[in-house]
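Student: Supplied in structure tokens, the structure appears directly below.
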Amino acid sequence: MNATPPSRSGPQSDDVEELARLLPRPVEFDLPAGRHLHHKDILMQHIDHDRDATTPQATAPQATARQATTTQATVPQATTPLPAPLRRRLLRPAVLVPAASLALAGTLALTLTGGGESAPASPSQSRAPQAVIALHRIADASLKTAVTPVKDSQFVYVRSLVQENTGTFDGPVKLGRPYKSERWMSQDPIPVTVVGWMRDTGQDAQMSGEDIPIETSVPDGSDSSGAQAPGFDRPTYRWLASLPTAPKALLKLLASHSGAGEHESKDQAVFEMIGDILSTNLMPAENAAAFYRAMAEIPGVREVPDAVDTAGRHGIGITREDGSTANRDVWIFDKHSLTLLGSRWYTTADKKPGKANVPAGSVAILQRGVADQHGMVPEKDGGTSTTG
């Protein structure tokens, strides 16, 4: 009786080797580390933009700007507190990524990460926890900061080193030379038409170093005196002290007065609003801590491990990028004391081809304090002296 040959349950090793020899060899891409990170970053940007596009965003670009003159400062209408540094706010539509592109992006993510691992989280997802932790640490540190209460008859003084975009509105960014800027903001609790005084000194011939009044703006033909009372457009120490210190309640109040339009998300408007209020005013420690904790509640905030202000000081940055706007602010804090050093902002859709995340300006806060009258600056011991 003939023996039955053993059955073959699957391909044998020699068969696999033969098939592998006959099939075309796959093309391998050995990307240098720099190019690997470059493509990975592009992928993450597409994923971020697609997530932003799922929320109500602008669908048409619009350009806005915070503008100031050397002869008169205009009070913004429920947008940002006065006075804010000049920034070119360029808006862009949200980038829509088709579902098929997302499928391809997922395949690319697997390729870039080695094939067997899941795609990495987006920058905002991976860094958001660090930003929240950092903001709560900054809030705790602010509670330990001694703040001199400001009287109604006094002025809040802020001296800064500023670098701005001097290019044309619809052209590429061109940074001017840094210049010194001083502000004395009135704390008068009644409505006033002169909300403060400014003195800018720099290379520009128009920056004479003279004290110039910051006046409210009155439309032509209006019967209104244009007097401005303390509030979001003119935050005084007493008014800031009256705000809620519960972060969620403060955030809700800020959102209702953010002035965000159809071309800017409310979260982004509140993020910028908080930064401007904190950098240009003095307030009780409890209120400052509440602002930082409120910022930590805003979705999408992330940490920048190393950020630099106009004076060249390195610190921890807190930023947020929004698909509806073509700019990104970074608020910079000292790595040790966690005090606010200043800010830097970028345009993320520059007019020059191939440019993105271009530095568009920066501010370094050099001194803040209380002065009895404009034209005088606080001394280190809390007194005042006349500047030259």
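Student: How much length is gained if the chain between GLU286 and ALA241 is pulled fully straight, taking 0.36 nm per residue apart and subtracting their Cα-Cα distance, in nm to one decimal?
Tutor: 15.4 nm
Student: What FRET efficiency comes out for SER225 versus LYS174 if R0 is 51 angstrom and r is the Cβ-Cβ distance? Round to the nearest 0.05.
Tutor: E(calc), rounded to 0.05, equals 0.85.
Student: What is the set of long-range amide H partners of GLY361 at a cut-off below 5 Å, with H atoms built 1.01 Å from backbone N?
Tutor: TRP345
Student: For a quick check: sort LEU341, LEU243 by the number of other beta carbons within 10 angstrom, fewest at the front.
Tutor: Going from sparsest to densest Cβ surroundings: LEU243, LEU341.
Student: Hey, fewest Cβ within 10 Å first, where do ASP188, ASP211 land in order?
Tutor: Listed from fewest to most nearby Cβ atoms, that is ASP211, ASP188.
Student: Taking R0 as 45 Å, what FRET efficiency do you get between HIS314 and THR193 from their Cβ-Cβ distance, rounded to the nearest 0.05?
Tutor: 0.65
Student: Amide H to amide H under 5 Å from ILE214: which residues, 5+ apart in sequence or cross-chain, H placed 1.01 Å off N in plane?
Tutor: For ILE214, whose amide H was placed from the backbone, the distant partners under 5 Å are VAL195, GLY196, TRP197, MET198.
Student: Additional query: Search the structure for amide H atoms under 5 Å from the amide H of VAL192, placed 1.01 Å from N in the peptide plane, and list their residues when 5 or more places away or on another chain.
Tutor: GLN228, ALA229
Student: Tell me, in nm to one decimal, what length is gained between ASP152 and THR201 on full extension, where the rule is 0.36 nm per residue of separation less the Cα-Cα distance?
Tutor: Extra length from ASP152 to THR201 when fully extended: 14.9 nm.
Computed from the coordinates by the stated procedures, all read-outs in this text should not be read as laboratory data. Small disclaimer: the values here were computed from a predicted structure and weren't measured. Ideal geometry is used to build each Cβ from the backbone, glycine not excepted, and the neighbour counts take in all protein chains shown.
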